[in-house]
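Report on the following structure.
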Amino acid sequence: MNYKEIKAVKGLPLFGSILDYKSDALSLFLNAARENGDICTIRMGPESIIFINNPDWVAEILAKRMDFFVKSPSYRELELLLGQGMVTTEGEVWKKQRDNARHAFTISSLNTLIAPIKDIVTNFSHNTVLDGHRRDIFKDMLDLSMNIALKTLFGQSSSDINRHSVSIALENASDYVIKRLEAIIKLPPNIPTFAALKFRKEKSVLDRQIIEMIKNHDHHSGKDCLLNMILENETDHDEIKNQLLTFFLTSYETIASAATWTFYFISRYERWHKIIKDEYTQAVLEKTNDIFELKYTNAVINESMRLLPPVWSFSRTAKEDVTIGEYKIAAGKMVVISPYCLQRHPDYWEKADDFIPMRWLGELYNHKLNRTFIPFGAGPRICLGMNYARMVLPIIIGEFCKRGFFETSYQGYPELKAGITIRPVKGVNGVWRCLADNKGV
């Protein structure tokens, strides 16, 4: 077969595009897609990766031909933080872990979490949404997301742990992993550099807190937490710890990121605030499906995650030579897929860079676009916590919008940083304007 040549992104001698990646990865990949088409190579120092931005080819890699690909070496860096949980494992180990945890994320299991989540969000919003108060919504969403994760995963309140030490440990440990992902030359993590020793200290803080919460779990009654459901199918303590650490870290930051960017877009397009407030106020939310039927709230969340998905990229490595379209991907080559870029593909999305929630509603909604909307991944490895996130996010957005409007002065996006998630470099700052009936409450 005569294969087509894959275009290459122009980069610097020796460094390739690694400096652009470190300074603005989102622009690097988006420009690469729009200037070179649906497939191109990007050199990162001595290595090059293949960037794919075609929904049919993405479906082949993640679903139809997933057996030809494995997690890329970058996931070894994530394993330093997450351990051998579902995000980092492969094959039979991954299948066993997913099967053991699947029950915890069924609709019926999630139904039991609605009431405690609503209580947490309501109490948090009452203390946060105060008229005229300036807030960093990203910091608030990190705090709220941690409260929710502690309750839904472990059945414990934020007062049961040292939240400050956990927050600092999470921040520092994540930064270490991100820097290793960006590095051209990586020292083995077991070499006792200052950064590696600091990371081990932070990781031990996280591990101790997770283990402590598992031990304390027997002292907490009720079954409205995911740990109870996981314990029904898993008895190995290391396995339980790795799974809970994975769920905790991934849900904590991804939900905070998604909620932050949704509030940002609502602040820019104020008419959606009243639409969400009215819809949420009138809704009776007793079951997860009731939340899924909040059509306007979910349209706004979907459009926010389309433009700024929490997890902006993931990667695979070809196990053997494989043909994708008219191109050959050699064994050992890393393939990068970016929801951020695919969900802005101008061939599939009209006015791809514009915030248009109506595209998710009624006759304007095109079901064929589902294959280009992958904020939770796709295929058999699609995020197991997808329905959990889709339950939590509307509650957060609805409860806060019910109390007030988050007013910002941004003319464009705040400065963005593409790490494990898309984060604001300097927060997302604004002022809460409470509705008349909530002022002074």
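Read the figures in this text as sums done on the coordinates, not as results from a lab. Bear in mind that the values here come from a model prediction, so they are computed numbers and not experimental data. Note that we place each Cβ from the backbone using ideal geometry, even for glycine, and neighbour counts take in every protein chain shown.
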- Taking only DSSP H segments of four or more residues, each worth -39500 (n - 2.57), what value at 222 nm results for the chain once the sum is divided by all its residues, to the nearest 500 deg cm²/dmol? -15000 deg cm²/dmol
- Taking only the alpha carbons of the chain, what extent do you get along each of the three principal axes, in Å, biggest first? 68, 49, 40
- Note on the structure: proj_area_mean for the stretch 26-93 (convex hull on C-alpha atoms), units nm², value 5.9 nm²
- Item | Rel. contact order, % - alpha carbon contacts under 8 angstrom, at least six apart, the stretch 320-411 | 16 percent
- Query: Relative contact order for the chain using alpha-carbon pairs under 8 Å, separation at least 6, rounded to a whole percent?
  - Reply: 25 percent
- At what distance in angstrom do the alpha carbon centres of the stretch 113-179 and the stretch 1-15 lie from each other? 44 Å
- Query: What's the long-distance tail for the stretch 1-132, i.e. % of Cα pairs beyond 18 Å?
  - Reply: 73 percent
- Item | Length added when fully stretched, residue 270-residue 201, from 0.36 nm per residue minus Cα-Cα | 20.4 nm
- Query: Given C-alpha coordinates of the stretch 298-441, what is the ratio Rg to Rh with the Kirkwood estimate of Rh?
  - Reply: 1.04
- Non-local amide H neighbours of residue 416 (under 5 Å, H modeled in plane, Pro and chain starts lacking H): which ones? 425
- Using θ = phi - 60° and Karplus 6.51 cos²θ - 1.76 cosθ + 1.60, couplings along the stretch 342-357 (whole Hz; Gly, Pro as x): 4, 7, 10, 5, x, 6, 10, 10, 5, 6, 4, 8, 9, 8, 9, x
- The ratio Rg/Rh over the Cα atoms of the stretch 171-287, Rh being the Kirkwood inverse mean 1/r radius, stands at 1.11
- Please turn the phi angles of the stretch 376-388 into ³J(HN,Hα) values with the Karplus equation 6.51 cos²θ - 1.76 cosθ + 1.60 (θ = phi - 60°), one per residue in order, whole Hz, x for glycine and proline. 10, x, 7, x, x, 9, 4, 3, 5, x, 4, 5, 4
- Once you wrap a convex hull around the alpha carbon atoms of the stretch 248-309, what is its projected area averaged over all directions, in nm²? 4.6 nm²
- Item | Computed FRET value (nearest 0.05) for residue 179 with residue 286, which takes r as the C-beta separation and R₀ as 30 Å | 0.10
- Task: Kindly provide the trypsin sites (Lys or Arg not before Pro) of the stretch 337-441 that DSSP labels as loop, not H, G, I, E or B, and whose Cβ sees at most 11 other Cβ atoms within 10 Å.
- Result: 351, 426
- Note on the structure: Expressed in nanometres to one decimal, the distance between label points 7 Å along Cα→Cβ at residue 278 and residue 408 is 2.5 nm
- With the Cα gyration tensor of the stretch 70-158 giving a ≥ b ≥ c as the square roots of its eigenvalues, does the rule (a/c under 1.5 for rounded; else a/b larger than b/c for prolate; else oblate) give rounded, prolate or oblate? oblate
- Item | Reachable lysines from residue 71, criterion Cα separation under 16 angstrom, eight or more residues apart if same chain | 95, 319, 333
- Task: Would you calculate the volume per residue, in Å³, of the smallest convex hull containing every Cα atom of the stretch 357-441?
- Result: 176 Å³
